[in-house]
Amino acid sequence: MAGKVGGVHESHGSRNSVETDSLARFAVEEHNKKENALLEFARVVKAEEQVVAGTLHHLTLEAIDGGKKKIYEAKVWVKPWMNFKELQEFKHTGEVPSFTPSDLGCRRDGHGEGWKPVPTEDPEVQEAANHALQTIQQRLTKVMRNTICTLRSRGEAKKRS
């Protein structure tokens, strides 16, 4: 195993390995059992490991909570020679932005500085633009419905009091 004992370094399996996904799923399942929660594993965002008496896997993962994607950090301690695996820590660290770089087809290191012109007559560009507009319209419609329902219920509550 690369790295010094005790030092945290990028996981060999990295983000997309079956082993890393399995550890992240285990973390979510254990958290759900301990907290009587209903999180649903989505994906691994970042994976690091630390050599201890075994390996402590530091995972940043995305999970769905009540229909919303959220970011969590988990630590899973593994001692394979003892058939031992334990969730050490699981905590919510933030919300997932509406659009992530992967949703937009961006690479982690980006595409360089500034805006780039795109051919507006390209069918793929038009399809992406239409998809973006439909998504925005759907979200606005949902927000407006919720706002109207909230205002109605407040109005009805005022009438009763």
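The values are calculated or read from the model by the stated rules, or taken from the named source; none is laboratory data. Small disclaimer: the values here were computed from a predicted structure and weren't measured. We place every Cβ from the backbone using ideal geometry, glycine too, and count neighbours over all the protein chains shown. In case anyone asks, the SASA skips ligands and DNA or RNA and just uses the protein heavy atoms, side chains included. Shrake-Rupley method; radii C 1.70, N 1.55, O 1.52, S 1.80 Å.
Taking each residue of region 55-80 that is within 15 Å of Thr20 (Cβ to Cβ) and in a strand (DSSP E or B) and looking for partners that are open to solvent by 50 Å² or more (accessible area, probe 1.4 Å) and β-branched (Val, Ile, Thr) with beta-carbon atoms closer than 7 Å, six or more apart or interchain, yields His58/Val8; Tyr72/Thr93; Glu73/Thr93.
Residues in region 67-80 that are open to solvent by less than 30 Å² (accessible area, probe 1.4 Å) and hydrophobic (A, V, I, L, M, F, W, C): Ala74, Val76, Val78. In this structure, Leu104 does not qualify as at pLDDT 80 or above and aliphatic (A, V, I, L, M). Listed by first and then second residue, the pairs with beta-carbon distance under 7 Å, at least 6 apart or on different chains, first residue in region 119-141 and free of Cβ contacts under 8 Å to residues at least 40 places away in the same chain, second open to solvent by less than 100 Å² (accessible area, probe 1.4 Å) and in a helix (DSSP H, G or I), are Pro119/Val125. Scanning region 81-98 for residues that are surrounded by 13 or more Cβ atoms within 10 Å (Cβ to Cβ), hydrophobic (A, V, I, L, M, F, W, C) and more than 12 Å from Leu23 (Cα to Cα) yields Phe90, Val96.
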